[in-house]
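The values are calculated or read from the model by the stated rules, or taken from the named source; none is laboratory data. Predicted, not measured: the structure shown is a model, and the values here were computed from it. Glycine gets a Cβ as well: all are built from the backbone with ideal geometry, and neighbour counts include every protein chain shown. Remember, those area values only see protein heavy atoms, side chains included, never the ligands or the DNA or RNA. Shrake-Rupley method; radii C 1.70, N 1.55, O 1.52, S 1.80 Å.
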Amino acid sequence: MRTVIFDLDGTLADTSGDLLAAANACFRQMGLGDLLSLPRDAGVALRGGKSMLTTGLKRVDHYHEETVEEYYPQLLEHYRDAIDHHTAMYPGAMAAVEQLKADGFRVGICTNKPEALAEKLTRNLGVRDAFHSLVGADTLPVRKPDPEPLREAVRRAGGDPERSILIGDSDTDRKTSAAAGVASVLVTFGPSGGDLEALRPEALLHRFEDLPALAARLLPI
């Protein structure tokens, strides 16, 4: 069975606003005010909670590794409690998912967001049941760019890891695909930034409307 696996943050949905809000809640607890903002720090948000805390603290010369470790669990709590206030699926994402399924593909999610948060977010957005699998950062002992979470997402979706592709938005997703020996498709509309073409993915995706045909070309019957 052919399978298309999606990254979540920055690929299926723009989650940067809620992530930055959680980090800023921590900075306010420290008495530092809001240190991160959109659109400047959208890419920082998608690199994870510790990256957000580190970036903000360094801007005001308050960085200490112990501070990041202390506040990271609190950041996750803030995020969990306000996970979908600003988050939205990218235009055309779910129409593309449904078309892939109609074309005979299995579909799943492989994210470096903790599994419980990924489950909560996708259910709050009303899209979880559209996917055959979801593997998060802590589902397995390893996370992307290790290839095993991708393979597990494919297996849980009912597919063959060798007949799969990963749709992502970052160098991490590119490395994951390469490690798994499958094609990498990177979206150009996410906030990750950088020269995605320089990562040499098998394809770039400029709009979700083009994904079903692209998937059929990369994974022919």
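Filtered by the rule that a residue be closer than 20 Å to Glu70 by Cα and part of a helix (DSSP H, G or I), the stretch 36-56 gives Val44, Ala45, Gly49, Lys50, Ser51, Met52, Leu53, Thr54, Thr55, Gly56. Look at (1) open to solvent by 40 Å² or more (accessible area, probe 1.4 Å); (2) hydroxyl-bearing (Ser, Thr, Tyr); (3) assigned to a loop (DSSP other than H, G, I, E, B); (4) within 21 Å of Gly136 (Cβ to Cβ) and you find that Thr11 fails only one, number (1). Quick one: is Gly190 out of contact with any Leu (no Cβ under 7 Å at 6 or more places or on another chain), modelled with pLDDT under 95 and crowded, with 21+ Cβ neighbours inside 10 Å? Spelling it out, Gly190 is indeed out of contact with any Leu (no Cβ under 7 Å at 6 or more places or on another chain), modelled with pLDDT under 95 and crowded, with 21+ Cβ neighbours inside 10 Å. Candidates are the residues of the stretch 21-70 that are touching a Gly at 6+ places or on another chain (Cβ under 7 Å) and of a type in the set (Gly, Ala, Ser); the one that is modelled with the lowest pLDDT is Gly43. On the stretch given as the stretch 60-80, residues that are within 30 Å of Val4 (Cα to Cα), free of Cβ contacts under 8 Å to residues at least 60 places away in the same chain and not hydrophobic (A, V, I, L, M, F, W, C) total 1. Residues considered: Ala95, Ala102. Of these, the only one that is among the hydrophobic types (A, V, I, L, M, F, W, C), open to solvent by 50 Å² or more (accessible area, probe 1.4 Å) and more than 18 Å from Met1 (Cα to Cα) is Ala95.
With respect to the conditions (1) within 30 Å of Ser164 (Cβ to Cβ); (2) crowded, with 20+ Cβ neighbours inside 10 Å, His78 falls short on a single one, namely (1). Exactly one residue among Arg2, Arg47, Arg40 is within 23 Å of Met89 (Cα to Cα) and either under 15 Å from the mean Cα position of the chain (by Cα) or surrounded by 20 or more Cβ atoms within 10 Å (Cβ to Cβ) (or both), and that residue is Arg47. When the stretch 160-174 is limited to residues that are over 16 Å from Leu8 (Cα atoms) and open to solvent by 20 Å² or more (accessible area, probe 1.4 Å), the one that is nearest to the chain's Cα centre (by Cα) turns out to be Pro161.
For the residues Thr122, Thr111, Thr87, the requirement of being among the β-branched types (Val, Ile, Thr) and open to solvent by 10 Å² or more (accessible area, probe 1.4 Å) singles out Thr87.
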